[in-house]
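Below is one structure; the comments refer to it alone.
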């Protein structure tokens, strides 16, 4: 049976980075450019997404670096404004999920995961988040973890992602993959494997 592994940000969700930057800029009184350099500094962001630090540690670090007295509940609300659900894509996965198994393979942090799990409940069979398994795409380990957890072989899986390096990593492991740019291209890709996608 065919299985599809979906990425989330850039595929099932639009990422509204500006909303996060604006919210934290207003709370801290710092320029958006300053907030961006703090929030998305490579080492801090990767530590958070890979689970090396907890959501509380991430929050405390951001609060300290921005010299901002925002409380944790407010911080989580602003951080979760990053995720904008794509109704067209959710209609599609609801439709194709009637005939094939769907899973999620995503570089995701502990805070966003709460929203994602809620939204995906009843739609997705399995979820592999980077912060839970300690590695991130395009690291081959996270793909192998996803395959092992689902007891699947690469040739029985399709992978959908919006980042070329992740798609290439999956292909290197023998997983047929699609670089997502728009729903129409995805419909065409799935159709080549006999999966009819409706609901757009």
Given points 7 Å out from each Cα along the Cα-Cβ axis, report the residue 99 to residue 121 separation in nanometres with one decimal.
2.9
Helix 110-120 against the longest principal axis of the chain: what's the angle in degrees, Cα atoms only, rounded to the nearest 10?
40
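Could you compute the FRET efficiency for residue 141 and residue 198, with r as their C-beta to C-beta distance and R0 at 35 Å, rounded to 0.05? Display every interim value, and only then the final one.
On the way: r = 35 Å, r/R0 = 1.00.
After rounding, the FRET efficiency stands at 0.50.
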By Cβ neighbour count within 10 Å, fewest first, 124, 160 rank 124, 160
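Which whole-number percent gives the relative contact order of the chain, counting Cα pairs below 8 Å spaced six or more residues apart? Walk me through the numbers on the way to the answer.
Details: 302 pairs, mean separation 55.9, N = 200.
Relative CO of the chain lands at 28 percent.
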Residue 15-residue 162 pseudo-label distance in nm [points 7 Å out on the Cα-to-Cβ vector]
0.8
For the chain, calculated [θ]222 nm from helices alone, where every DSSP H run of n ≥ 4 adds -39500 (n - 2.57)
-15000 deg cm²/dmol
Just to confirm the number: angle between the C-alpha axis of helix 140-150 and the first principal axis of the chain, 0 to 90 degrees, nearest 10?
60
Taking Cα atoms only, helix 17-28 is inclined relative to the longest principal axis of the chain by an angle, in degrees rounded to 10, of 20
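Rule-based calculations on the coordinates, nothing more; no lab input. For clarity, every value in this text was computed on a predicted model and none was experimentally measured. Virtual Cβ from ideal backbone geometry, glycine too; neighbours counted across all protein chains shown.
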